[in-house]
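Before any comments, here is the structure.
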Amino acid sequence: MVKVGSGIYRPQFQKKILIRGSRQLLTLRGRNAPRRGVEMKELTIIEDGALLIRDGIIQEVGPTRRIERLAEARDAIVVEASGKVVMPCFVDSYTQLLNSFEGSTRSWSRSRRENEVRERLQWFVRHGTATLETRVREYKELRILKHLHLCGLQVIPTLSVQSGQEVRFLKDWSPRIRLGDWGPSFFPDLDVDYLIQQKQEGVSIHLHGGATDEVALRSGVFTWTQPEIRSDQSSALAASSVIPVILPILSYQGIQGNDLARTLIDQEGTLALASGFNGGPYRTLSMPMVISLACSRLRMTEAESIVASTINGACALGLSRKTGSLETGKDADLVMLNIADYRELAGNVGMNQVVFTMKRGKILFNEMRERIWND
């Protein structure tokens, strides 16, 4: 038996891994672009599926009978996925990871803050998230993330600003800038021409909350989190290249309506789902819980919710060429669920079915050590 360790503090890396026998292997194979409309129902499922991974990259995907007979698979570490669902890791495209470090916690030492961040990252890993975005509002927060051991996760920081002057000053820190995190009218000095200029200079502009349709749709912003529009105004958004990021937890809290997501999909639009994890009284970092809320509150199907939480989330972060689906040449970012059918994911409300999380071939979380061995 090969001992791979279960602690996410010491992610294990094996040169060659064969994951075989998955009852349902959800590949989400397709183009590296946001899935729209009916495309969001397509999971491309392989029954009794397998993957061959080498140096953290997916080499082969297909039926177990074919993959395990390949010469390249003979000396691989074997992960038995019998009776389980295997799918891409969740991509959480909007969080406020450091938001809970406000008020009295500002007196914390840097080491204590870093330990708290690590603990939260462990929570994400245990719920199957291996890639996440987080808002930062000042340079010291960005520095914490830059120098922190991130438990094997990929964390994408986005700088929140309020004005055009701040965009000019802060864009050297990060190519991702988010506008309007604190309300609908914090950037009155910004206009469409200015945002277009910033895009041409390589700045990725992301909106949050209130903004006019002109700013959101004509300026070439990349994503729009929690768009504040009525469902009868959604046709222009659905037809645009902007990726709306929907937070189902807000519907649960009664802050956001329930119709926009369904309307966008029915109009052949796209969207991504995110947890919006922060320091508030009602919060979740569990993407399985986000999927449950999307199905029960937003009238999305299980397949649509999974697509919005994986490949569309990767597109919202500009990472779809590396993650979000299980295809040859992509990073081995995958999660194993202790369910026999993917539709059970939404029905198991508040239950964590994740038993195995892998990022770039590294085993970050593993509750089934005894099921991993060499043939």
Quiz item: Any residue at all in region 28-37 that is within 21 Å of GLY361 (Cα to Cα), of a type outside the set (Ser, Thr, Tyr) and either in contact with a His (Cβ under 6 Å, 6 or more places away or on another chain) or modelled with pLDDT of 95 or more (or both)?
Solution: yes
Practice problem: Please state which one of GLY329, GLY324, GLY350, GLY269 is touching a residue at least 60 places away in the same chain (Cβ under 8 Å), in contact with a Ser or Thr (Cβ under 9 Å, 6 or more places away or on another chain), of a type outside the set (D, E, K, R) and within 23 Å of ALA50 (Cβ to Cβ). | Solution: GLY324
Self-check item: Selection from region 124-146 of residues that are within 23 Å of ASN366 (Cα to Cα), open to solvent by 20 Å² or more (accessible area, probe 1.4 Å) and either in contact with a helix residue (DSSP H, G or I) (Cβ under 9 Å, 6 or more places away or on another chain) or among the hydrophobic types (A, V, I, L, M, F, W, C) (or both)
Solution: HIS127
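Table: residues versus (1) modelled with pLDDT of 95 or more; (2) out of contact with any Phe, Trp or Tyr (no Cβ under 7 Å at 6 or more places or on another chain); (3) buried (at least 23 other Cβ atoms within 10 Å of the Cβ).
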residue	(1), (2), (3)
SER241	no, yes, no
GLN253	no, no, no
ASP266	yes, yes, no
ALA272	yes, yes, yes
ASN278	no, yes, no
ILE291	yes, yes, yes
Practice problem: Kindly indicate whether ALA346 is outside any strand (DSSP E or B) and surrounded by 16 or more Cβ atoms within 10 Å (Cβ to Cβ). | Solution: yes
Quiz prompt | Test for GLY318: is it more than 18 Å from the chain's Cα centre (by Cα) and in a loop (DSSP other than H, G, I, E, B) | solution = no
Quiz prompt | Per-region count, region 39-53, residues open to solvent by 10 Å² or more (accessible area, probe 1.4 Å), assigned to a strand (DSSP E or B) and in contact (Cβ under 8 Å) with a residue 40 or more places away in the chain | solution = 1
Quiz item: What about THR328, is it of a type outside the set (A, V, I, L, M) and open to solvent by less than 10 Å² (accessible area, probe 1.4 Å)?
Solution: no
Quiz prompt | Condition check for GLU327: outside any loop (DSSP other than H, G, I, E, B) and among the charged types (D, E, K, R) | solution = no
Exercise. Scan MET336, MET289, MET358, MET300 and give me the residue that is at negative phi and either without any contact (Cβ under 8 Å) to a residue 60 or more places away in the chain or of a type in the set (Phe, Trp, Tyr) (or both).
Key: MET300
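The values are calculated or read from the model by the stated rules, or taken from the named source; none is laboratory data. Since we're looking at a predicted model, the values are computed, not measured. Reconstructed Cβ throughout: ideal geometry from the backbone, glycine too, with neighbour counts over all protein chains shown. Note: accessible area is taken over every heavy atom of the protein model, side chains too, but ligands, DNA and RNA are not part of it. Shrake-Rupley method; radii C 1.70, N 1.55, O 1.52, S 1.80 Å.
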